[in-house]
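This report refers to the structure that appears directly beneath it.
The values are calculated or read from the model by the stated rules, or taken from the named source; none is laboratory data. This structure is a prediction, so every number in the text was calculated from the model and none was measured. Virtual Cβ from ideal backbone geometry, glycine too; neighbours counted across all protein chains shown. Quick note on the areas: whole protein, heavy atoms, side chains included, nothing else; ligands and nucleic acids left out. Shrake-Rupley method; radii C 1.70, N 1.55, O 1.52, S 1.80 Å.
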Amino acid sequence: MEVTFNAWDVSRYGGPAVLKPVTRPVPTPKAGQVLVRIRASAVSRADGMMRAGQPKFARLFLGLSRPRAGLVGTCFSGDVVAVGDNVTQFRVGDAIFGEAGLQFGANASHICIDEGGSILKKPDTVTYEEAATLFDGAMTSWHFLTRVVQVQPGDRVLILGGSGSLGTAAIQFAKALGATVAASASARNADLLRSIGADHVVDYRAEDPLTRGAGYDVVFDTLGISSYRAARPALGQGGRYMCPVLGLGLLRDMILTACIGHKKAKFAAAGMSKPQVHREELSEVLALMAENRFSPVMDRSYPLSDLVEAHEYVETGRKRGNVVVV
Ligand SMILES: NC(=O)c1ccc[n+]([C@@H]2O[C@H](COP(=O)([O-])OP(=O)(O)OC[C@H]3O[C@@H](n4cnc5c(N)ncnc54)[C@H](OP(=O)(O)O)[C@@H]3O)[C@@H](O)[C@H]2O)c1
């Protein structure tokens, strides 16, 4: 009898309802690959955007008329259950976490992944649910705060969108790097943000977090809700506005500020870095977790069979931290 695994198919772009459960034959790992029994996988804002094929230029990578990969899900954790020939870094029984990238198929029960890809061993102290989220908010925010800029002790950092996956990670990282941290959130999330280290929380529904003359060294707009032009008056000498959501306005401001002025606009696609860079950055994040200086904020956990509901919840834009399916 053929052994099958559960996954979620996405054969056209659209809302959460385009996702359909499928079963496929469990693959045999090729040389250099490991087969993982997935224990948890993330459902992120980026997963929703890829399902919807938005922004449209992303379809150059995802597939012009329909999603080329056919399956959904990017970030996962689980156990190695088989290894292909020549695998040297992992053994059957290893707990790992990783990112499937453009291969997709992480919202599933099994996945085959290259041992040289974006995978790392999961420490026992990190839960599968937590580990499944690390390639999303944690890696992205760490990349922005330590690679796109290098936050220094004493820097003044403003995180716009402090209660999301990126925001909750960014607050903790900026504190760990020695910055003074302000963050914007609605009143219902203010206590959460203070509990993870924000020195000052601005209720974005009551006041504009971008106070003129605030002198921020870094404004990290985790949601793409503002712009370099709006943030510029709140930046100090040599200040940086960074945003992980690319639009034409940000592209224009990056090009302009690269040539003139001491304040700069920055974007990066953290997920597109080489696997070696991912592993290096995530090792640094794991070190912070081991020192209890970072812990991913976990919101809801759904069974894998409820992936559509998980996507619908993430789509509300109201999640706090991270959502997983298990
Ligand atoms: N470039 C990259 O490498 C990269 C990598 C990963 C993700 N991304 C992108 O990063 C973005 C952020 O993702 P995420 O997962 O962190 O978002 P998210 O978790 O979905 O953000 C939701 C949170 O944002 C808060 N929020 C909504 N509007 C707000 C506002 N005007 N001001 C302040 N807070 C507000 C909500 O709080 P309330 O409900 O209280 O309003 C909610 O808690 C996504 O667009 C994703 O695609 C980019």
For this session: For residues that are within 16 Å of the ligand (Cβ to nearest atom), assigned to a loop (DSSP other than H, G, I, E, B) and not charged (D, E, K, R), tally how many sit in the stretch 256-280.
Result: 4
Problem set entry | When residues of the stretch 140-160 are limited to those that are under 16 Å from the mean Cα position of the chain (by Cα) and open to solvent by 10 Å² or more (accessible area, probe 1.4 Å), the one farthest from the ligand (Cβ to nearest atom) | THR146
Exercise. Does any residue of the stretch 42-60 turn out to be away from the ligand (no atom under 15 Å from the Cβ), under 21 Å from GLY137 (Cβ atoms), open to solvent by less than 20 Å² (accessible area, probe 1.4 Å) and in a strand (DSSP E or B)?
Worked result: no
Exercise. Pairs, please: C-beta under 9 Å, at least 6 apart or cross-chain, first residue not assigned by TED's automatic domain parsing to the domain that holds LEU235 and in the stretch 252-274, second more than 16 Å from the ligand (Cβ to nearest atom)?
Worked result: none
For this session: Check ALA290 against each of (1) within 14 Å of the ligand (Cβ to nearest atom); (2) touching a residue at least 40 places away in the same chain (Cβ under 8 Å) and name the one condition it does not meet.
Result: (1)
Problem set entry | Number of the exception - GLY14 against (1) within 26 Å of ALA131 (Cα to Cα); (2) at pLDDT 95 or above; (3) of a type in the set (Gly, Ala, Ser) | (1)
Problem set entry | Residue count, the stretch 98-144 (criterion: hydrophobic (A, V, I, L, M, F, W, C) and within 14 Å of VAL324 (Cβ to Cβ)) | 8
Problem set entry | Residue in the stretch 82-96 that is at positive phi, open to solvent by 70 Å² or more (accessible area, probe 1.4 Å) and not charged (D, E, K, R) present | yes
Problem set entry | Neighbours by Cβ (under 9 Å, 6+ apart or cross-chain): first from the stretch 188-200, over 14 Å from ALA174 (Cα atoms) and at pLDDT 95 or above; second among the polar types (S, T, N, Q) and surrounded by fewer than 13 Cβ atoms within 10 Å (Cβ to Cβ) | none
Problem set entry | Verdict on ARG39 being assigned to a strand (DSSP E or B), open to solvent by 10 Å² or more (accessible area, probe 1.4 Å) and of a type outside the set (A, V, I, L, M, F, W, C) | yes
For this session: Can you work out which of the residues in the stretch 188-212 that are part of a strand (DSSP E or B) and within 12 Å of the ligand (Cβ to nearest atom) is surrounded by the most Cβ atoms within 10 Å (Cβ to Cβ)?
Result: VAL201
Problem set entry | Count of the stretch 173-187 residues which are in contact (Cβ under 8 Å) with a residue 60 or more places away in the chain and crowded, with 24+ Cβ neighbours inside 10 Å | 1
Problem set entry | Residue list for the stretch 213-244, filter: open to solvent by 20 Å² or more (accessible area, probe 1.4 Å), in a loop (DSSP other than H, G, I, E, B) and at pLDDT 95 or above | GLY215, LEU223, GLY224, ILE225, SER226, SER227, PRO244
Exercise. Residues of the stretch 14-31 being assigned to a loop (DSSP other than H, G, I, E, B) and either touching a strand residue (DSSP E or B) at 6+ places or on another chain (Cβ under 7 Å) or open to solvent by 30 Å² or more (accessible area, probe 1.4 Å) (or both), which ones?
Worked result: GLY15, VAL26, PRO27, THR28, PRO29, LYS30, ALA31
For this session: Would you point out the residue of the stretch 161-174, among those that are within 11 Å of the ligand (Cβ to nearest atom) and among the polar types (S, T, N, Q), that is farthest from the chain's Cα centre (by Cα)?
Result: SER163
Seminar exercise, completed: Output for Cβ contacts, cut-off 7 Å, separation at least six or different chains, first residue assigned to a strand (DSSP E or B) in the stretch 76-91, second of a type in the set (D, E, K, R) and open to solvent by 60 Å² or more (accessible area, probe 1.4 Å), reads SER77/ARG39; GLY78/ARG37; GLY78/ARG39; ASP79/ARG37; ASP79/ARG39; VAL80/ARG91; VAL81/ARG37; VAL83/ARG91
Exercise. Within the stretch 68-78, restricting attention to residues that are open to solvent by less than 80 Å² (accessible area, probe 1.4 Å) and more than 16 Å from the ligand (Cβ to nearest atom), which residue is modelled with the lowest pLDDT?
Worked result: ALA69
Seminar exercise, completed: Of the residues in the stretch 307-326 that are more than 10 Å from the ligand (Cβ to nearest atom) and open to solvent by less than 10 Å² (accessible area, probe 1.4 Å), the one that is farthest from PRO21 (Cα to Cα) is VAL324
